[in-house]
Amino acid sequence: MGARRGTTRARGVRAAAAALAALGLLATGCGGGSGSGDGKVTIRYSWWGAKDRAELIQKTVEMFEKEHPNIKVKTDFSEYTDFWSKFNTQAAGGNAPDVFQNSYAFLRKYGDKNLLLDLNGQAKAGNLSLKGFRDGLEKAGDIDGKLLGVPVGANTFALFYNPDAYRKAGVTVEAGWTWDDFFAAAEKVRKSDDTLYGASDNANVMYLYDLYLRQNGKAFFTKDGKLGFTEDDLTKWWGRWQQHAKADELVPGKKSEQAKPKASISADLSASEFTWDNFLVRFAAETKTSLDLGPIPTTDGKRTGQYLSSLMLSGSARTQHPKEVAQFIDFMTHDPEVGKVMGYNRGIPATTSQYDAYEPQGVDAKIAAYEKSVSAQLEPITPHPAGADVAEAAFLRIYTQVALGQTSMGKAVDQFFNEADSALGS
């Protein structure tokens, strides 16, 4: 709990005062934040992301501290995988950061472990406003009546592609194109330019497979928290990508691994890749190649299965400063100047005050135009049960082993279902 012990050298009044001081230190040591004799409160704030995000967030933290001089914010950031590893260690020791970046996929997992602060009480107390959110996003962090996260940005999945490479190959990207069209495009690009692969191998991306399943009347997870597809379904999905990988149309697994932490497309290895649309901001900082956003391929020429997902801010259930945490979240989600600083780094701003304050330029304008183009196709998000993060990690890792030639398709599918079923309590 981070408690500190003191020794009492005097007796009487001084002994009582020392004991009270020790108790005070013990109370503020839990949950990461602390207080001081001058009335100032310190809270810890952690997030994941690249250096460009850290620089922007640090500016907004300084803005918050200027407006709230009684609150000091200690910051810390890591890459995605390292962030959660560190967070889990901190949470296990009762020392999670007071406020941290979160996503929809983790709300139920950490909510079920009673690690997340229910922010409804702070909203009722007037420390956090739930008004002015776009597209009903104020409900995005509601899990079984508890408000476990507040969105700072929203995004959806997209196809990233190199327009020059597609143009050279004679490929046109348009709404309603199919998976057959996509893989045919990858083949054409590879044939037209042997220095560039047609596509990154994204068979291991859970969210992409979820869209494909939704197009076919299923989903990665069912409403009761189980896997929503069969071993045969997964064999066909992974098998199709492997077919094109073996035809030398997709970036080989070894090259993808060597390119990290860059993505294959921002490492200029491939002409197309699927991920969240706000990654265009990051990719633009990693490559000089111009990239565009295109529609998700479909099964029937109509349905993409897309939905809005959100990056959120959550509070620790063990924080000693829930009021200050709520004030911090409120500032980061509503203050117009924060919106101007952050732009679309974490997705399109979730509140109208920040959305209206920021006029997108460059890659941000591309993201805004893309989300506007797909807005009519957006559907409710697939529910994420406790254990979803473990299933996602297994999906990524096990197919990567297939791509690297380290295991067979049959063994990989069996291994995934065994690990995922265990994680989901099936």
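The mean accessible area for residues of the range 250-328, using a 1.4 Å probe and ignoring ligands and nucleic acids, is 37 Å² per residue.
In a reduced charge model with +1 at each Lys and Arg Cβ and -1 at each Asp and Glu Cβ, the range 230-362 shows a dipole moment near 340 debye about its Cα centre.
In a simple Cβ point-charge model (Lys, Arg +1; Asp, Glu -1; nothing else charged), the chain has a dipole of about 1600 debye relative to its Cα centre. Over all directions, the projected convex hull of the C-alpha atoms in the range 166-237 averages 5.8 nm² in area. A straight chain from residue 79 to residue 356 at 0.36 nm per residue would run longer than the Cα-Cα distance by 96.8 nm. All Cα-Cα distances of the chain, cut into 10 Å bins from zero to the largest, leave 4, 20, 29, 24, 13, 6, 2, 1, 0 percent in each bin in turn. So for the chain: antiparallel DSSP bridges make up what percent, rounded to the nearest 5? The answer is about 65 percent antiparallel. For the range 357-370, the Karplus equation 6.51 cos²θ - 1.76 cosθ + 1.60, evaluated at θ = phi - 60°, returns couplings of 6, 9, 9, x, 10, x, 5, 5, 5, 5, 5, 4, 5, 5 Hz by residue, with Gly and Pro reported as x. So what's the angle, to the nearest 10 degrees on a 0 to 90 scale, between helix 179-192 and the longest Cα principal axis of the chain? The two axes meet at around 70 degrees. Near the amide H of residue 103, within less than 5 Å, lie the amide hydrogens of 312, all on another chain or at least 5 residues away, with H placed in the peptide plane. With θ taken as phi - 60° and the Karplus curve 6.51 cos²θ - 1.76 cosθ + 1.60 applied, the whole-hertz 3J(HN,Hα) list for the range 410-415 is x, 5, 5, 5, 4, 5 Hz, x standing for glycine and proline. At a Förster radius of 60 Å, what calculated FRET efficiency corresponds to the Cβ-Cβ distance of residue 248 and residue 113, to the nearest 0.05? Using R0 = 60 Å, I get an efficiency of 0.85.
In the range 294-421, taking the dipole from charged Cβ atoms about the Cα centre, the farthest positive-side position among 342, 388, 415 is held by 415.
Between their Cα atoms, which of 254/411; 66/86; 40/66; 109/223; 146/223 are more than 22 Å away from each other? Result: 66/86 exceed 22 Å.
Taking only protein heavy atoms and a 1.4 Å probe, the accessible area of the range 97-253 is 45% carbon and sulfur. Placing unit charges on each Cβ (+1 for Lys and Arg, -1 for Asp and Glu) gives the range 286-426 a dipole about its Cα centre, and among 360, 307, 320 the Cα reaching farthest toward its positive end belongs to 307.
Note that the range 55-120 carries a Kirkwood radius of 13.6 Å, evaluated over its alpha carbons pair by pair. Short-range pairs are left out: with C-alpha atoms under 8 Å and at least six residues apart, the relative contact order of the chain is 23 percent.
Shape class of the range 366-426 from the Cα gyration tensor (axes a ≥ b ≥ c, square roots of the eigenvalues): oblate, since a/c reaches 1.5 or more and a/b does not exceed b/c. Counting only protein heavy atoms and a 1.4 Å probe, the range 53-200 has 45 square angstrom of accessible area per residue. Ranked by the mean number of other Cβ atoms within 10 Å of their residues, highest first, the peptides 272-278, 143-149 come out as 272-278, 143-149.
Dipole check for the range 62-120: with +1 at the C-beta of Lys and Arg, -1 at the C-beta of Asp and Glu, and the Cα centre as origin, the magnitude is about 200 Debye. Extension gain, residue 88 to residue 174, is 26.7 nm, computed as 0.36 nm per intervening residue step minus the present C-alpha separation. By the compact-protein rule of thumb, 2.2 N^0.38 Å, the alpha-carbon radius of gyration of the range 305-426 corresponds to a ratio of 1.45.
The values are calculated or read from the model by the stated rules, or taken from the named source; none is laboratory data. What you see is a predicted model, and the numbers here were worked out from it, not measured in a lab. For neighbour counting, all protein chains shown are included, and Cβ atoms are generated from backbone atoms with ideal geometry for every residue, glycine included. Accessible surface is based on the protein model in full, side chains and every heavy atom, while ligands, DNA and RNA are left aside. Shrake-Rupley method; radii C 1.70, N 1.55, O 1.52, S 1.80 Å.
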